[in-house]
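Read-outs: derived from the displayed coordinates by stated rules, not from any lab. Bear in mind the structure is a predicted one, so any value in this text is a computation, not a measurement. Quick reminder, even Gly has a Cβ in these numbers, built from the backbone with ideal geometry, and neighbours come from all protein chains shown.
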Amino acid sequence: MTIINLSDKTHIVLKGKELDNNCASLFLESNYNWLDDFIVSFFEKPECSLYGWGPIQTYPPYTVILRQDMPSNAVYYIKTGTVKLMWSDKDGRELIAGLRHKNWFIGAPSVLLNKPYSFTVKTITECKMRCISTNNFLKLISTNFEFTLHLMKMLSQEIYNHGRKIVIFGCIPARDRLKILLRNFISSIENHGDFRNKMKICLPLTHRELAQIIAVTPEHLSRLLKYLEKQNIIKREKDGIILLNLLYFQNSDQ
């Protein structure tokens, strides 16, 4: 049995194979994966430092990058890794607002609007990032038209994805949303060439956060996991989930 600790991986690839169900396909497409050749090449060039981007910094899992309601004094570019966006109320109750992956900018909307950060951003895997101050970022977008155009595309993608997710949660049953979420993790393991008939994944999210991502209560998530366990599809352990029947996650009609 292969044991995969996703917190130790450089990044999680949340991209599954194409599903027959249109709504399920929308669910996969609504993940915040972003690939822009211009942005990738921009950060490979030495001159990006001339605009004020700092060197690549490595952040271990569970490092807070930005804090909710703090002044927006910097923008970060995720070169590799995955972060979670969290919102908390005045009583300290937290809600996970989503995940962001490599090639994404975090903090940019708050900087552009001159408002405090709307979320706390915390790494859930090891992340490599570059940082730029607010002043330098605003100078960059006012002097580099091509960079600004691609930044606008990314921010538009975020709005587009958010609208799709609202519709998605109304047309995909909770059990299928959980199935697709776990399938996403399996896909990332397959891409690393270490695939077995049975494997254990150590998810970098809490039970409550997993429930929030698929828009169910923690209690209902427990019932869904219990159902999968009774069907001998998974086996739960304290530090992860053993996937016993990978074919279940590969098929979209079960």
Two-decimal log10 I(q)/I(0) for segment 100-178, as the Debye equation yields it once each C-alpha is a single scatterer, q = 0.15 Å⁻¹: -0.71
Inverse of mean 1/r across different Cα pairs in segment 37-168, Kirkwood, Å: 15.4
Sorted by Cβ density within 10 Å, fewest first, the residues Phe38, Phe105: Phe38, Phe105
Amide H partners (placed H, <5 Å) of Gln68, local residues excluded: Thr120, Val121
Determine, for Tyr160, Tyr117, the number of other Cβ atoms within 10 Å of each Cβ, and report the residues in order from fewest to most. Tyr160, Tyr117
Order of Cys171, Cys48 from fewest to most other C-beta atoms within 10 Å? Cys171, Cys48
Protection proxy (average C-beta count within 10 Å per residue), highest first, orders 54-64, 225-235, 68-78 as 68-78, 225-235, 54-64
